[in-house]
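Have a look at the structure below before the remarks.
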Amino acid sequence: MSAFPDSAPSPDTAAAEAARSPGREAWRVFRRNKAALLGLALLGLVALVMLLGPTLYPVDPFGLASQPFTEPFTNAAVPLGSDYLGRDILAGIAVGGRATVTVGLAAAAITVLIGVTVGALAGYFQGWADELLTRLTELFQVLPSLLFAMVLVTLFSPSLTVVTLAIGAVSWTTTARLARAEFMRLRRLEYVNAVRAMGAGPLRLMLREVLPNALPPLIVSATLIVGTAILFEAGLSFLGLSDPNVMSWGLMIGANRAYILDCWWAVTFPGLAIFVTVLGVSLVGDGLNDAFNPRLHQR
Amino acid sequence: MTASTTTPSGDDAPLLAVDGLSVQFQTRRGTAHVLDEVGFTLARGQTLGLVGESGCGKSMTALAMMRLIPQPPGRIAAGSVRLHGRELLALPEAEMRRVRGNRLSMIFQEPMTSLNPVFTIGEQIAESVRLHLGLDRRAALAHAVDMLAAVGIPAPARRAHDYPHHFSGGMRQRAMIAMALACSPDALIADEPTTALDVTVQAQIFDLMAELRERTGTAILLITHDMGAVAEMADRVAVMYAGRIVEEGGVHDILERPLHPYTQGLVACAPGRRRTAPGETLREIPGTVPSLLRRAEACAFAERCEHARPLCRQRPPPGSQPASGRRVRCWLYPETTPADTASPA
């Protein structure tokens, strides 16, 4: 076997390059983005509250802890004050994050699952499948999403599961359109044809060749969907359409909305918690967007 | 491995036989006859050069043989493609998948975009091995490293873990060849394998292909518009024009004594094939390839041909055999012409 030394890059650059996978390259770009790192820190804070909050501050958020309308920072028993029933706001913040973030993540997962499946099938197979699925997507798109979700929640019981499914059911259309566009673009690429010429079937081509390359924009949109889903849940809670038996940040805002002028703190603190979470998610999403942008990669 | 069980006895049966292959595309302006009764044969260890200018149907022939033509607009209207005597066009799609990449492989024009950017080179070669040979992950990766060594990648065990963007164009084309040959196919279709590479790397890739052909006996269908590549690699040459094969013969006959006026033009166009005096302009063939929307009711080349006669514009020329092993489709060589290989004009 003849060797062709001139066709190989010089050994030192090869060694330096060899360790660098696309994932690491993306992390390198992400790390340079200060806002994205701040978002990551905010999400870390939220995760900490979710995981340790109830352990560190074991107070029943539904229990009556003090007099109603206790102002924040005046009573050590209720550091962030109490609401119109005398329930501890800090306890609500500590416990409510779990429900809020879980609904956000689960609804985003459902959104991505439905959206990517519909979009992938439409974009890959085209023809009548595309026609059918695109019409279906448009059908969902023309329905006002909040109203549609409200109808779904009122039709069934307002439990967290139903709320999650309802949010997923009304918000998958954007993901579907994005996935469809990506699959349409990628299925024509040479390496997909090359693997097709290797004898791969459509399922393998979709899952192994096309999907991994469609992931960057989908991941970015998924993070943003987490933020929207959290806001969506808060909105439903605010309208009194979420599960009244599970403490969530949205529920706190919803319950106290009538007393917003008498105890601003009962809506402001859970609102801030939601704000911090959604901001963190959005900043990380933006950072990922940059990290997956090959034009920002240094070679 | 499934294909070889149906191998007919008799060594003179061609490994790969394409016959009467016609492909049509439905367009808004009518039916385009992209391939019109294309036929050729390929024996074990042989290389057939398929030449012609852009748009003449070379790549379409390859895709039709692999049954990879996009089906809604395109359609294989007629013909047969036999590998070891087994009709590929009649196979169910699942069976055909077992032939692709396994018995009949293909390498593409663009090595820069023919590898998936998110997987390592080794994983991608191993993928095709796992698909057909049923090896487990580790055995497949080991086989991939062997293949990389066979195509001359230095330090193959290490380079197998590299991503495509770590490879130069020439090395990527080597990796593509490794992938295509990983299951030791009977035949390899190389669709302009060196067009995107620079000249020195082109020569290396051809050397590699020739060497692997010697070692494995894989037949090669080399699709190219480079007459120099044909002279170097091919045993036989088929010249395509407007979806038809207009001339076929041994590489020396075609290059030294081209019969069809189009082939004569092609050979004359190639720089370096014939001595050009300094300052003399290279010859060109006037005009462009005709629209494929009208099915040839005449010779498709008549409009550009300096020997065209009224007959050429009235009826399509029949195929004739002016000498043994040569076929030409031109009115200058009617069926009755005795074996005479002298050039006209």
Out of every Cα pair in chain A, what percent are spaced more than 27 Å from each other?
54
Here the alpha-carbon Rg of the protein assembly as shown over 2.2 N^0.38 Å rounds to 1.30
Positive-pole candidate from A:T74, A:L186, B:I220, dipole of the protein assembly as shown, charges at beta carbon
B:I220
Report the Cα centroid-to-centroid distance between the range B:44-92 and the range A:40-67 in angstrom, as an integer.
67
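How much length, in nm to one decimal, is gained on full extension between A:T161 and A:L45, taken as 0.36 nm per residue of separation minus their Cα-Cα distance?
Once the chain is fully extended between A:T161 and A:L45, it gains 39.2 nm.
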Dipole magnitude of the protein assembly as shown about its Cα centre (Cβ charges: Lys, Arg +1; Asp, Glu -1), debye to nearest 20
520
Under the Karplus relation with 6.51, -1.76 and 1.60 and θ = phi - 60°, whole-Hz ³J(HN,Hα) for the range A:121-131, x at Gly and Pro, equal 5, 5, x, 7, 8, 6, x, 5, 4, 5, 4
If packing is taken as the average number of other Cβ atoms within 10 Å across a peptide's residues, how do B:80-87, B:22-29, A:32-39 rank, most packed first?
B:80-87, A:32-39, B:22-29
Pairwise FRET efficiency - A:Q67 versus A:L279, Cβ, R0 = 35 Å, nearest 0.05:
0.60
Euclidean distance of C-alpha centroids, the range B:189-213 and the range A:216-257, integer Å:
59
Work out the FRET efficiency for B:H252 and A:Q126 from their Cβ-Cβ distance, taking R0 = 56 Å, and round it to the nearest 0.05.
0.75
As I understand it, the dipole of the range A:25-292 uses +1 on the Cβ of Lys and Arg and -1 on the Cβ of Asp and Glu, about the Cα centre. Which of A:L132, A:W264, A:A229 lies farthest toward its positive end?
A:L132
Report ³J(HN,Hα) in whole Hz for each residue of the range B:152-161, in order, from the Karplus equation J = 6.51 cos²θ - 1.76 cosθ + 1.60 where θ = phi - 60°; Gly and Pro get x.
x, 8, x, 6, x, 5, 7, 5, 4, 8
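Over the range A:25-292, what is the relative contact order in percent, taking alpha-carbon pairs closer than 8 angstrom and at least six residues apart?
Relative contact order for the range A:25-292 comes out at 29 percent.
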Taking the Cα centre as origin and putting +1 on Lys and Arg beta-carbons and -1 on Asp and Glu beta-carbons, what dipole magnitude results for chain A, to the nearest 20 debye?
800
Just add up the charged neighbours of A:V153: K/R +1, D/E -1, any other residue whose Cβ is under 11 Å from the Cβ of A:V153.
-2
Once label points are set 7 Å from the Cα along Cα→Cβ at both B:D146 and A:R28, what is their separation, rounded to one decimal in nm?
3.5
Ordered by packing density, taken as the mean number of other Cβ atoms within 10 Å over each peptide's residues, highest first, how do A:103-110, B:325-332 rank?
A:103-110, B:325-332
If amide H atoms are modeled at 1.01 Å from N in the peptide plane, then the residues at a separation of 5 or more from B:V23, or on another chain, having amide H under 5 Å from its own are B:V34, B:L35, B:D36, B:E37, B:A77
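Tell me, what does the Kirkwood hydrodynamic radius of chain B come to in angstroms if you use every pair of distinct C-alpha atoms?
21.2
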Note: B:201-208 gets an average of partner chain Cβ contacts (10 Å, Cβ to Cβ) equal to 2
Looking at A:G39, B:A187, A:L251, which one has the Cα that reaches farthest to the positive end of the dipole of the protein assembly as shown (charges on Cβ: Lys, Arg +1; Asp, Glu -1)?
B:A187
For a label point 7 Å from the Cα of A:L146 along Cα→C-beta, name the residues of the range A:218-232 whose backbone N is under 17 Å from it.
A:227-232
Average beta-carbon neighbours from other chains, 10 Å sphere, peptide B:108-117:
5
For B:M106, which sequence-distant residues (separation of 5 or more, or a different chain) have an amide H within less than 5 Å of its own amide H, given hydrogens modelled in the peptide plane?
B:G101, B:I189
What FRET efficiency comes out for B:R137 versus B:L68 if R0 is 22 angstrom and r is the Cβ-Cβ distance? Round to the nearest 0.05.
0.20
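For a quick check of your reading of the filter: which GluC sites (Glu not before Pro) in the range B:230-274 sit in a DSSP loop and have no more than 12 other Cβ atoms within 10 Å?
Passing both the DSSP loop test and the Cβ count: no residue.
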Mind pulling the angle between the C-alpha long axis of helix B:121-133 and the longest principal axis of chain B? Nearest 10 degrees, somewhere in 0 to 90.
80
Taking the Cα centre of the range B:13-103 as origin and charging only Cβ (+1 Lys, Arg; -1 Asp, Glu), how large is the dipole, in debye to the nearest 20?
320
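Coordinate-derived values only; no laboratory data. Everything quoted here is computed from the prediction, not taken from an experiment. Neighbour counts are summed over all protein chains in view; Cβ atoms, including those assigned to glycine, are modelled from backbone coordinates with ideal geometry.
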